[in-house]
Amino acid sequence: MSDKIREYLDEGVASQDAATLSRLNRSRHEALARAGRKVWWQHLRWPVAAAMAGVLTVTVALPWLQQPAMTASESGQVVELLLQSPDAEMVDEMAFYLSLAE
């Protein structure tokens, strides 16, 4: 099938005059030269992506960072809840939890 397509296209090219073939060849070379050059905004692609990622990170993290810290009474309640828990690991590490209450 690809051989038939190639033959058909080769016949189309063979039927063209020299001036048309010359113009097609020049156009092809110009397109290849333009494809190798970058336009000015393509150099900004990564800095813009990094800036957008930074803005997204700040947008997501800002509400989390603005949460109020736990007060002493709240941390005391947490320690009380942990003391009421039957889990032995939590009771064994009570020094850690008591340090949170301070």
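Observations
- Scope segment 15-46; condition at pLDDT 80 or above and hydrophobic (A, V, I, L, M, F, W, C); matching residues: Ala18, Ala19, Leu21, Leu24, Ala31, Leu32, Ala33, Leu44, Trp46
- Considering (1) in the same structural domain as Glu11 (by TED's automatic domain parsing); (2) more than 30 Å from Asp10 (Cα to Cα), the lone condition that Leu62 does not fulfil carries the number (1).
- Listed here are the helices (runs of 4 or more DSSP H) enclosed by segment 1-83 that have at least 2 residues being under 38 Å from the mean Cα position of the chain (by Cα) and loosely packed, with under 10 Cβ neighbours inside 10 Å: 18-36, 45-65.
The values are calculated or read from the model by the stated rules, or taken from the named source; none is laboratory data. Note that the structure is a prediction, hence the values are computed from the model and not measured. Cβ sites come from the backbone with ideal geometry, for glycine too, and all protein chains shown count toward neighbours.
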